[in-house]
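**Q** Input: one structure, supplied below.
Read-outs throughout are calculated quantities, based only on the coordinates presented, and are distinct from any laboratory measurement. Since we're looking at a predicted model, the values are computed, not measured. All Cβ positions, even for glycine, are placed from backbone atoms using ideal geometry, and neighbour counts span all protein chains on display.
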């Protein structure tokens, strides 16, 4: 039995926040962005409207918006519609409560009109932001400021919604869009497209046939019925990356360099369609890399690329397909047909990293390159299956399972 001091110590430690999962570079980026955002917002507001008497050109809730925009730009609460819509809607509700309740002199059960108006302003702002899907925590402060901000703000009435609230939010959002994208952050943090079947059939993608699916994630979120400060697609990404790390730990350290084909057939950028097809047919390949100087990968030509190029002019149908591919007058070259949006990996990449790329991404061949982008090998789907099988069979748990199955079969 634990003592009272141990229980109280655990209880006190439960108030300690978890360490931030970001490095010092990300922290400095958030601080620097907030500094630039607030400074630029103040300067632009002053240059656009000048001084406006006692009316502040920068309102305090923008500081909270800056925290979200620059320190947590992936948060659903920090997206453009949340920032602009949340602040403006909250200001509208706050001004309405200030004018219709705060200025009426009517109290309730001993509560003064300003206190009642302040409470209703924050309550109404939250309800309106939720209804319009623009929940933004600083909006509560914007609504409260409309009621308790003093005579200068109250005298502005509904103009307070545009200046300073609307103008502040718009300028700060513009700075955040520029800064976050300049520092290679994905902002706005838009929702990704739902998992789609590669072949446009009713079957779910291979990655969704085992393990959890987007529908499972939706069901769990609905069951919890609680707002989470993380987007659904980010949750999906985190879970799948954690699942991938678990696979990597289970399958050991099998890398692309361990399973790749090293004697790779490639073509030059000026290779003709006939030359490309001949190599594919002779070596039973469905794709060949296109190699530039020093065997640097510049593209990949697949059988689908060949057919797409050949069928570009549909006159004559399939009857003229051989002529389009192998005709002497054809001026097409591999560089004209290759796909340039190809993906490469290094030799040290774990083979489990290729699973979603080949199962759901539709890739059949993965060029393996060195640090200079020069080809050193290719991993095919066949190589991947063999590598995963070897990694699984070498795992102690898997070996025990195989032995158990064998003994039962005997």
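**Q** Please compute the length gained on full extension between residue 279 and residue 294, using 0.36 nm multiplied by the number of residues separating them and subtracting their Cα-Cα distance. Could you put the intermediate results ahead of the total?
**A** On the way: separation 15, 0.36 × 15 = 5.40 nm, distance 2.04 nm.
Extra length from residue 279 to residue 294 when fully extended: 3.4 nm.
**Q** Report the FRET efficiency, 1/(1 + (r/R0)^6), for residue 232 and residue 100, where r is their Cβ-Cβ distance and R0 is 41 Å, rounded to 0.05.
**A** Plugging the Cβ-Cβ distance into 1/(1 + (r/R0)^6) gives 0.60.
**Q** Then there is this: Sticking with the crude label model, points 7 Å out along Cα→Cβ, report the distance from residue 8 to residue 389 in nm, one decimal please.
**A** It works out to 6.4 nm between the two label points.
**Q** Could I have the simple spin-label model distance between residue 217 and residue 268, label points 7 Å from Cα toward Cβ, reported in nm to one decimal?
**A** Each label point is offset 7 Å from its Cα along the Cβ direction, giving 4.8 nm.
**Q** Could you tell me the center-to-center distance, by alpha carbons, between segment 115-183 and segment 28-81 in angstrom?
**A** Centre-to-centre (Cα) distance: 12 Å.
**Q** Right, another one. How long, wide and thick is segment 20-64, going by the Cα atoms along their three principal axes, in whole angstroms, largest first?
**A** 44, 18, 8
**Q** If I model a spin label at residue 81 and residue 119 as a point 7 Å from the Cα along the Cα→Cβ vector, what separation in nanometres do I get?
**A** For the pair residue 81/residue 119, the computed spacing is 3.3 nm.
**Q** To the nearest 0.05, what FRET efficiency results for residue 307 and residue 261 with a Förster distance of 22 Å applied to their C-beta separation?
**A** 0.35
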